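Colleague: What follows is a single structure, and I will ask about it in a moment.
The values are calculated or read from the model by the stated rules, or taken from the named source; none is laboratory data. Predicted model only: the values in this text are computed from it and were never measured. Cβ placement follows ideal geometry from the backbone for every residue including glycine, while neighbour counts extend to all protein chains displayed.
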Amino acid sequence: METSHPLSNVSWDDVRLFLSALEHGSFTDAAKALGVGQATMSRRIAALERELGHVLFDRSRGGLSPTHAANQLRPWAEAMGASMKGAGAAMAGLEAAPEGRVRLTCAPGVAVDFGPLLLKRLRARYPRLVVELLADTRMRDVSAHEADIALRNQAPTAGPLVVKKLTEFEVGLFASAALLRRLPTKPRLDQVPLLDWSDELPTLAKALAKLPCPRVMVTNDFLAMCAAAEAGLGAMVTTTVQARLRGLVAVPASLPTVPPAPLFVVTHQALRRVPRVVAVLGTIDGLIDDLSKGRAARR
């Protein structure tokens, strides 16, 4: 005999309220996150409990505590939520032409150096398309639809994703021409002032830790580092492409072998044929190819 789904007679709106209450631990915060009234939230959860025949939350001044019934219901509710997100993504694929909003997530350096070039091309070709550029050091979850497209230096290994390696950028030590004129013709690394990353970005900081260069600035901000490099305050480790876009030149010092920086583009399987996403993916592909071959102009 087939077992009925515990939420088969429950509306998605009520399941959404239940999941929000689980996440936030209070009706007030959950209601605020969904843009509904606290009284509505409380009333709808009470109605859901009557429908299911079980109390889902113990109420106290400290907030909500999920009951055993709520914990048993959670995986069913989360599966229903994932299905609704997938359905929404599938329906988005019915648009006839590239238009609407595409959320693109990438590191701040990629957003600053490649973003304007990408947006300029997209604007010329698809004037009805809007890119929401999410410049983060944190990795937004494309499989959970936190973004539509991601540009990353590491390929994700799990999730319903389409991953493509675009290129590998050579990495080196670069500085302004003005700084190089103040250095010996062939400087040693201990003669090159370095712009370093703070411990807030441990991966980058660790990669530069062994360089014997004297530190003249430590920062967690990409724009601050670039401004300092362009002003001739110090050298920075970056890709050859990004150095060229900023007018920086290679420091003629013997740098320990630095592996190239790969660049991957990631999108959700459900979005791979959506016209607006396809348009952005194709434009990214063309731009990165031009940058790799030195064909893209400086901003």
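Colleague: Counting only residues that are over 19 Å from the mean Cα position of the chain (by Cα), modelled with pLDDT under 95 and among the polar types (S, T, N, Q), give me the helices (runs of 4 or more DSSP H) lying completely in the stretch 195-299 with at least 1 of them.
Modeller: Ranges flagged: 240-245, 275-292.
Colleague: Every residue in the stretch 127-144 that is over 21 Å from Pro160 (Cβ atoms) and basic (Lys, Arg), please.
Modeller: Arg128
Colleague: What is the residue count in the stretch 38-64 for residues that are surrounded by 13 or more Cβ atoms within 10 Å (Cβ to Cβ), over 12 Å from Asp14 (Cα atoms) and not aromatic (Phe, Trp, Tyr)?
Modeller: Qualifying residue count for the region: 7.
Colleague: Collect the residues in the stretch 11-36 that are in a helix (DSSP H, G or I) and of a type outside the set (A, V, I, L, M), keeping them in residue-number order.
Modeller: Hits for the stretch 11-36 are Trp12, Asp13, Asp14, Arg16, Phe18, Ser20, Glu23, His24, Phe27, Thr28, Asp29, Lys32.
Colleague: What strands (runs of 3 or more DSSP E) lie completely within the stretch 92-162 and have 2 or more residues being farther than 29 Å from Trp197 by Cα and of a type in the set (A, V, I, L, M)?
Modeller: Qualifying strands (runs of 3 or more DSSP E): 129-135.
Colleague: If you don't mind, another one. Looking at this structure, is Leu173 at pLDDT 90 or above, aliphatic (A, V, I, L, M) and not in a helix (DSSP H, G or I)?
Modeller: Yes; evaluated as a whole, the condition is true for this residue.
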